[in-house]
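See structure below.
The values are calculated or read from the model by the stated rules, or taken from the named source; none is laboratory data. Remember, predicted model here, so these are calculated numbers, not experimental data. With ideal geometry, Cβ positions are generated from the backbone for all residues, glycine too; neighbour counts draw on all protein chains shown. Protein only, heavy atoms only, side chains kept; ligands, DNA and RNA dropped before computing areas. Shrake-Rupley method; radii C 1.70, N 1.55, O 1.52, S 1.80 Å.
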Amino acid sequence: MAELVTADEGPLLDQILGSTYETWHEGLSRAAYARFYTAQRATAWGTAHLRRFALVDSGELLASAKLYAFAATL
């Protein structure tokens, strides 16, 4: 059965970054793309407002999502 898990570090995050690299790398190398995400998560803002989630089934990555949580006034 599929389950939703957090994926902010480890092999699952590496798999997610590998699958999203082509779309979101913005000119960074694959290694720099991973370091950039890690650096974002290391900030106070990133720790509180940036998360990655994965839907996995028997260890297989089915889907992933990145959540930016922030308050805004318009």
- For TYR68, state whether it is closer than 24 Å to LEU4 by Cβ, open to solvent by less than 50 Å² (accessible area, probe 1.4 Å) and hydroxyl-bearing (Ser, Thr, Tyr). no
- Query: Which residues, counting only those in segment 36-58, are under 11 Å from VAL5 (Cα atoms) and exposed (fewer than 12 other Cβ atoms within 10 Å of the Cβ)?
  - Reply: ASP57
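Being in a helix (DSSP H, G or I), open to solvent by 60 Å² or more (accessible area, probe 1.4 Å) and either touching a Leu at 6+ places or on another chain (Cβ under 6 Å) or over 28 Å from ALA71 (Cα atoms) (or both) is the filter here, so list the residues in segment 1-35 that pass it.
Applying the first criterion (in a helix (DSSP H, G or I)) to segment 1-35 yields 10-24, 30-35.
Remaining after also requiring open to solvent by 60 Å² or more (accessible area, probe 1.4 Å): 11, 14-15, 19, 22-24, 30, 35.
PRO11, ASP14, GLN15, SER19, GLU22, ARG30 - these are the residues of segment 1-35 that are in a helix (DSSP H, G or I), open to solvent by 60 Å² or more (accessible area, probe 1.4 Å) and either touching a Leu at 6+ places or on another chain (Cβ under 6 Å) or over 28 Å from ALA71 (Cα atoms) (or both).
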